Every structure is written in structure tokens, then in C-alpha cells.
1. Suppose each label sits 7 Å from its Cα in the direction of the beta carbon; what would the ARG251-ALA78 distance come out to in nanometres?
2. What is the calculated FRET efficiency for HIS207 to ALA102, with r their C-beta to C-beta distance and R₀ = 51 Å, to the nearest 0.05?
3. For every other residue with a beta carbon closer than 14 angstrom to the beta carbon of PRO245, add +1 if it is Lys or Arg and -1 if Asp or Glu, then tell me the sum.
4. Test of understanding: ordering ASP79, ASP192 by Cβ neighbours within 10 Å, fewest first, what list do you get?
5. Could you state the per residue volume, in Å³, of the convex hull enclosing the Cα atoms of region 77-142?
6. Just to compare against my own numbers: the Cα pair-distance distribution for region 136-267, 10 Å bins, whole % per bin, please.
7. Rounded to the nearest 5, what % of the DSSP beta bridges within region 104-233 are antiparallel ones?
8. Taking 0.36 nm per intervening residue step and subtracting the Cα-Cα distance, what contour gain separates ASP165 from TRP268 on full extension?
Amino acid sequence: MANDDTTTTRHTAPGATPPDVQPGGGASLLKTAFKLIVLFGVAAYLIFALTTLNRPSETLLCQGMDISIADTGFITPADVRALLEAQGMLPEGRNFDDIRLADMESCLVASSYVSQALCYQTPEGKIAVNIKPRKPIIHVLNSRGEDFYIDNSGGTMPRSGHTADLLVMTGHVDRATAPALYTDMALTMNADTFWRSRIEEIHVDPHGELLLTPRLGNHTIVLGDTAAIADKLHRLRLFYEEAMPRAGWSRYKTISLKFDNQIVCTKWE
């Protein structure tokens with residue numbers, strides 16, 4: 001009797017790969033997984049960079065101040081801090097969006113001892129403060145009891161707690177007119193070590209004449225008014241270098257340069 005059930009047998013040639021199994025399937029899956037992991041890592045880094053490196057500035061705090069003073073004057077880094085602190089403008093620990101750099105500069109240049117101020121943010125998260133101080137060139141102690149300085153730009157400065165080795169001007173000096181009258185003379189004398197080392201005091205008498213007191217010798221130098229100061233100092237220098245070593249530093253009572261092309265001396269009796 002014939003059997004109605006039919007059994008089909010699939011034969012595979014020896015050494016051949018079954019038709020439902022693809023070559024290298026496991027390795028392909030590993031490569032795909034690795035690519036997904038790399039892409040995920042790059043995406044995570046970009047998200048981190050966008051949220052951290054481009055963080056809104058209001059979340060960044062100032063880490064401190066770097067104070068630089070360009071030249072000698074009557075202001076120190078401690079003075080700069082004190083000026084800003086008095087106005088509630090110290091930047092440390094504050095959000096950068098809350099720091100007004102222009103206001104800081106205005107606060108600093110309002111000081112009688114500051115000529116220029118520049119404030120800016122540094123890459124290190126600090127505020128740099130660059131100061132150019134006003135430079136005093138002569139110290140005035142007048143007959144009215146006023147005590148002030150004339151600076152190199154022709155302005156006046158109040159007395160400071162700091163000290164400096166400056167020419168001293170005494171006598172009948174009017175604070176309002178002193179800068180216009182004496183700035184050029186003070187600049188000329190301060191620019192030359194010869195005069196800085198030899199002249200101790202400039203006195204203005206009631207008639208407005210300038211009398212110089214030297215550091216060496218027992219005489220008074222009469223310059224007269226402020227006209228032709230450079231020429232008068234030039235003649236005095238020649239006299240000091242050529243005549244005084246021969247005559248002696250104690251021979252003359254006065255040395256006058258009031259008149260053009262002349263040096264008039266009076267001896268001690």
C-alpha cells in the first residue's frame with residue numbers, strides 16, 4: 001500500500017554554505033555597533049561643548065583683577081582697589097554681564113592722580129586694569145600755606161601721602177596761574193640730571209622774580225621772570241662748568257641772569 005505522506009529532503013553538497021546563512025554576518029554586526037558607539041560619543045561631546053564652552057556669560061564669574069601701573073606716580077595697586085571699592089565696583093566674584101568697564105574707567109580717571117585708565121576682560125576670566133598715572137614735576141608750598149603739585153601736562157594735583165624727590169617751589173605762587181607760568185621751566189629742569197642734582201629750591205619773590213637755591217655753594221641765582229628760561233639756564237650752566245670751578249663755590253653772593261646775554265655777579269663782602 002502506498003504512503004500518502006511525502007517527505008522532502010534538502011541535500012547540501014559537501015563544503016557548501018547553507019543557503020539561509022550569509023558569510024561574515026557576525027563581523028558586520030560588530031562594525032555597525034562600533035560606528036553607532038562612535039557617533040554617540042561625538043554627539044555627546046558636541047552637546048557638552050555647546051552647553052559648557054558657550055555657557056551664557058551671566059553664569060561666568062570674574063576671578064580677580066590684574067592691575068598694571070605704567071609709570072611712577074602717586075598711585076599704587078592698593079589705591080586702585082580702594083577707589084573701586086569706595087564706589088562698589090570691585091569686579092571679583094561678580095557676573096561679567098554685571099561689570100560695567102566704562103564706569104570703572106570713569107571712576108579711576110576721576111582721581112587726581114590718574115591720567116588714563118583702561119579696563120578689559122582677559123581670557124583667564126579676570127579684569128585687567130591698566131593705569132597711566134599723572135606725573136608730578138614740581139612741589140609747590142606757597143606763601144598762602146597751600147601745598148600742591150604741578151604735573152607734566154600743566155595741571156595741578158593735591159598733596160599726596162606718597163613722597164617723591166622733586167623740585168620745590170616756594171613763595172608768592174598763585175595756584176591758578178602757576179601751571180601756565182612754571183610748567184615749561186619745571187619740565188626743562190626735570191629732563192636734565194644736571195639741574196636735578198644742583199637746584200634745591202625755586203623761590204618766587206613778591207615781584208614775581210625767580211630765585212634759585214643751589215645744593216652746592218652759598219649763593220642765590222636770580223633768573224628774573226619766566227621769559228627765555230631755556231637761554232638763562234644755558235648761560236648758567238656754562239658759568240657753572242667754566243667759571244665756578246676756578247672762582248670757587250663760596251665766592252659769590254648772587255648770580256643774576258635777568259638781562260640778555262649777561263651774567264652779573266656780586267661778591268660777598
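Since every read-out is calculated from the coordinates, none of them should be taken as a lab result. Remember, it's a predicted structure, so these values are computed and weren't measured experimentally. Here the Cβ is made from the backbone with ideal geometry for all residues, glycine too, and neighbour counts use every protein chain on show.
1. Distance between label points: 5.2 nm.
2. Working: r = 49 Å, r/R0 = 0.96.
Given R0 = 51 Å and the Cβ-Cβ separation, E is 0.55.
3. Numbers: positive: ARG198, ARG237, ARG246, ARG251; negative: GLU241, GLU242.
Net charge around PRO245: +2.
4. Working: ASP79 22, ASP192 13.
Sorted ascending by nearby Cβ count, the order is ASP192, ASP79.
5. Dividing the Cα hull volume of region 77-142 by its residue count gives 101 Å³.
6. Result returned by the calculation: 12, 45, 32, 10, 1.
7. 70
8. 34.0 nm
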